[in-house]
């Protein structure tokens with residue numbers, strides 16, 4: 001297992017390097033610059049700004065400056081939020097998205113897996129149809145519709161919850177972002193769990209267990225649950241990264257100050273270092289959680305060994 | 001009255017005026033104030049910076065105006081009101097301005113605001129090390145050596161500013177610029193706290209480090225969540241301030257802004273979504289505030305490519321736009337149809353109505369057909385082109401409406417082309433367009449803020465319109481005490497004669513404001529100060 005972990009770390013370095021290189025040059029090849037605006041700057045003013053950010057140097061030099069910075073843990077200054085570095089912005093916004101994300105993840109897994117198993121065990125019953133209908137609605141209902149609907153209902157009509165803000169994660173501020181964030185994940189997890197459970201329940205070892213006269217709860221908990229979870233876990237790895245790195249919709253509608261909106265706004269503003277920062281962050285987390293998924297596989301499935 | 005006397009009179013007038021009029025919350029008798037004086041404002045996009053010398057964009061200006069104060073302020077009508085300066089005098093040829101500063105102006109750490117802070121602020125704005133995107137703002141009034149310093153051809157200390165003593169600040173201009181004092185209300189020319197900036201470097205604007213001289217001081221800033229400011233008890237006019245705390249929420253999305261307002265979490269929105277205008281106007285007519293803004297929405301012609309180098313084609317396209325339909329049915333929140341480039345609300349200049357504006361739309365359309373035919377185009381040989389705009393639903397609706405007007409009246413075949421913001425800017429800059437959507441909001445309340453845009457060498461003249469006489473008139477206007485006649489001639493040339501651009505409508509600011517917020521003073525430049533406001537008991 002240790003060898004496996006070291007191997008994954010060793011593989012991660014070239015993967016990240018390729019990711020950084022491709023993203024850097026793609027970003028720099030986009031038309032416009034961080035400082036192009038409707039009010040175009042006099043050339044002498046623009047020259048001073050470009051010099052300050054090394055943008056007057058060849059792109060290859062900028063790339064090596066950037067790599068040098070990363071090696072020292074410095075993601076560079078933000079071109080858009082000039083008073084802040086990317087490190088500061090990530091440090092401020094990632095915990096917000098992570099908190100919303102972790103709650104959403106826990107809720108999505110608990111509700112999604114429970115609903116999926118329940119529906120699978122009552123396949124083609126009313127409950128099954130209800131769960132699947134909910135799952136399909138959850139998948140097709142985009143959160144840019146769900147978020148304003150939540151605000152309209154809970155904040156404007158019922159006046160139960162604040163329409164936005166974060167206030168250090170006080171619970172009333174968490175509820176709606178978590179609903180908006182988790183709904184589609186609940187739906188996806190319920191669908192995958194249901195499909196996997198149905199497949200497992202039809203397999204030979206379950207038939208054997210039934211033939212031996214084991215009670216239903218033991219068949220499910222001891223024998224069916226583990227193999228059912230395998231496809232769910234391979235979905236959860238990348239889903240976890242997606243959920244804790246936030247959503248632009250949640251950030252924009254609920255004004256939480258999370259990291260989600262930096263993905264889109266970074267690209268639109270040509271905030272090169274912001275785009276690179278979030279790319280590296282998501283890239284690293286994806287590699288990390290894929291490795292975690294692989295390890296969990298080995299724990300759950302005795303056939304898999306590293 | 002000769003020039004000198006006029007200048008002296010105007011200077012004395014401002015001094016006298018300033019002595020009685022200051023900006024502060026003016027609570028009418030009988031109004032009962034709420035116990036909690038806290039205001040939450042929708043603040044538009046998160047500003048790039050709070051450093052006054054570096055701020056760009058209105059969201060940043062709104063916030064820095066709360067935190068800092070320059071020599072003078074502008075009231076709702078664009079008139080000067082005293083800030084740190086109480087009066088000023090000028091020399092005979094109007095090139096040396098001497099400002100007398102109040103002795104009770106203090107930074108939030110209790111230290112006095114002196115002429116040295118203004119010297120440092122002005123120098124920072126042009127210093128290449130600061131790399132301010134607004135450095136050009138100091139070039140406009142032609143402060144001595146500003147351009148040379150920005151170009152790294154002179155030392156920053158050679159800038160034409162001087163602290164005669166702690167409370168006398170002197171600015172020397174290379175040529176007389178009549179509107180210079182008005183320009184001092186802009187944040188680029190605010191004072192800067194040298195000790196704090198030298199101590200913290202770029203970090204000086206962070207909460208805990210920042211020292212400011214406005215009615216409020218920075219308390220906290222969580223990017224994309226909120227910025228909180230509390231009353232600065234060192235502010236010279238603090239006794240007249242009523243609101244104790246102001247919070248700006250960075251709500252770039254109009255719909256999110258409105259939802260927070262409707263949920264009672266925002267007292268004044270930044271904007272309001274046009275789609276909701278009719279509903280809001282019906283449900284809460286007293287809360288919808290529409291104010292004409294100093295800015296024009298227009299279509300730009302690339303005058304370097306055929307056939308848009310032909311004024312007849314430009315005029316035909318402009319005449320065929322039914323501006324009443326656009327403002328009434330497409331934008332529909334009180335925008336005014338624009339026929340001249342400078343909005344009529346600009347201070348000190350009332351543009352003459354151009355001839356084509358006095359015609360009926362039918363007459364304009366008939367004339368448009370004739371003009372386009374004279375250029376060799378008709379329904380059998382239609383003019384075809386791409387209309388470029390930046391991706392946005394509002395721009396799209398306007399483009400569809402205008403394209404159909406052109407098609408119906410002139411048989412013109414238009415392909416709509418939308419591009420993401422920065423790509424669109426780059427395309428326009430490269431001159432790779434035929435007709436493009438554009439808009440311009442004035443930087444200061446004077447007609448040159450609009451008209452300069454069409455001079456040959458202006459960096460934002462993307463259509464590359466060029467007319468020597470126009471350039472001469474605008475250049476001459478810079479040193480004239482009353483340049484209105486030049487501005488009228490310039491409008492006549494650029495619009496009535498050449499139709500360099502097709503003005504479509506004058507912008508408006510549109511906001512929702514709770515009825516319990518008093519003292520809100522809307523104005524064309526959107527200079528809104530929380531220190532003027534108060535919360536009525538409700």
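The values are calculated or read from the model by the stated rules, or taken from the named source; none is laboratory data. Small disclaimer: the values here were computed from a predicted structure and weren't measured. Virtual Cβ from ideal backbone geometry, glycine too; neighbours counted across all protein chains shown.
Within segment B:377-414, if we keep just the residues that are without any contact (Cβ under 8 Å) to a residue 24 or more places away in the chain and part of a helix (DSSP H, G or I), the residue that is surrounded by the most Cβ atoms within 10 Å (Cβ to Cβ) turns out to be B:403.
Scanning for something at pLDDT 95 or above, more than 14 Å from chain A (Cβ to nearest Cβ) and within 25 Å of the chain's Cα centre (by Cα), does segment B:43-59 turn up at least one residue? Within segment B:43-59 (the criterion being at pLDDT 95 or above, more than 14 Å from chain A (Cβ to nearest Cβ) and within 25 Å of the chain's Cα centre (by Cα)), the answer is no, since none of the residues qualifies. Within segment B:165-179, the set of residues being in contact with a strand residue (DSSP E or B) (Cβ under 9 Å, 6 or more places away or on another chain) and farther than 30 Å from residue B:482 by Cβ comprises B:166, B:167. Of the residues examined, residue B:351 is not one that is more than 27 Å from the chain's Cα centre (by Cα), assigned to a loop (DSSP other than H, G, I, E, B) and buried (at least 16 other Cβ atoms within 10 Å of the Cβ).
Taking the conditions exactly as written (within 25 Å of residue A:265 (Cβ to Cβ), within 17 Å of the chain's Cα centre (by Cα) and within 14 Å of chain A (Cβ to nearest Cβ)), does residue B:440 satisfy them or not? For residue B:440, the condition - within 25 Å of residue A:265 (Cβ to Cβ), within 17 Å of the chain's Cα centre (by Cα) and within 14 Å of chain A (Cβ to nearest Cβ) - is met.
Of everything in segment B:480-495 that is within 22 Å of residue B:93 (Cα to Cα) and crowded, with 19+ Cβ neighbours inside 10 Å, the residue that is modelled with the highest pLDDT is B:486.
Restricting attention to segment B:180-211, the residues that are out of contact with any strand residue (DSSP E or B) (no Cβ under 7 Å at 6 or more places or on another chain), within 14 Å of another protein chain (Cβ to nearest Cβ) and assigned to a loop (DSSP other than H, G, I, E, B) total 4. If you go through segment A:115-134 and keep only what is outside any helix (DSSP H, G or I) and without any contact (Cβ under 8 Å) to a residue 24 or more places away in the chain, you end up with A:122, A:124, A:125. What about residue B:227, is it within 14 Å of chain A (Cβ to nearest Cβ), part of a loop (DSSP other than H, G, I, E, B), modelled with pLDDT of 95 or more and touching a helix residue (DSSP H, G or I) at 6+ places or on another chain (Cβ under 7 Å)? So residue B:227 does not fit the description; no. If I filter segment A:189-203 for residues that are surrounded by fewer than 20 Cβ atoms within 10 Å (Cβ to Cβ), at pLDDT below 90 and either more than 14 Å from chain B (Cβ to nearest Cβ) or not in a loop (DSSP other than H, G, I, E, B) (or both), do I get at least one hit? Taking every residue of segment A:189-203 in turn, none turns out to be surrounded by fewer than 20 Cβ atoms within 10 Å (Cβ to Cβ), at pLDDT below 90 and either more than 14 Å from chain B (Cβ to nearest Cβ) or not in a loop (DSSP other than H, G, I, E, B) (or both). What tally of residues in segment B:426-437 results from selecting those that are in contact (Cβ under 8 Å) with a residue 24 or more places away in the chain and within 8 Å of chain A (Cβ to nearest Cβ)? Residues that pass the stated criteria total 2. Residues of segment A:27-50 that are assigned to a loop (DSSP other than H, G, I, E, B), facing chain B (nearest Cβ under 8 Å) and farther than 15 Å from residue B:147 by Cα: A:30, A:31, A:32, A:33, A:35, A:36, A:37, A:38, A:39, A:40. When each of A:151, A:137 is tested for being in a helix (DSSP H, G or I), touching a helix residue (DSSP H, G or I) at 6+ places or on another chain (Cβ under 8 Å), over 29 Å from residue B:248 (Cβ atoms) and in contact (Cβ under 8 Å) with a residue 40 or more places away in the chain, the lone residue that passes is A:137.
Can you go through B:237, B:244 and tell me which one is under 30 Å from residue B:71 (Cβ atoms), surrounded by fewer than 18 Cβ atoms within 10 Å (Cβ to Cβ) and either away from every other protein chain (no Cβ under 11 Å) or touching a strand residue (DSSP E or B) at 6+ places or on another chain (Cβ under 8 Å) (or both)? Result of the check over B:237, B:244: B:244. Of the residues making up segment B:455-470, those that are out of contact with any strand residue (DSSP E or B) (no Cβ under 7 Å at 6 or more places or on another chain) and buried (at least 18 other Cβ atoms within 10 Å of the Cβ) are B:455, B:460, B:461, B:465, B:467, B:470. When B:145, B:100 are screened for being at pLDDT 95 or above and within 14 Å of chain A (Cβ to nearest Cβ), only B:145 passes.
Only a single item in (1) part of a helix (DSSP H, G or I); (2) in contact with a helix residue (DSSP H, G or I) (Cβ under 7 Å, 6 or more places away or on another chain) is not met by residue A:294, and it is number (2).
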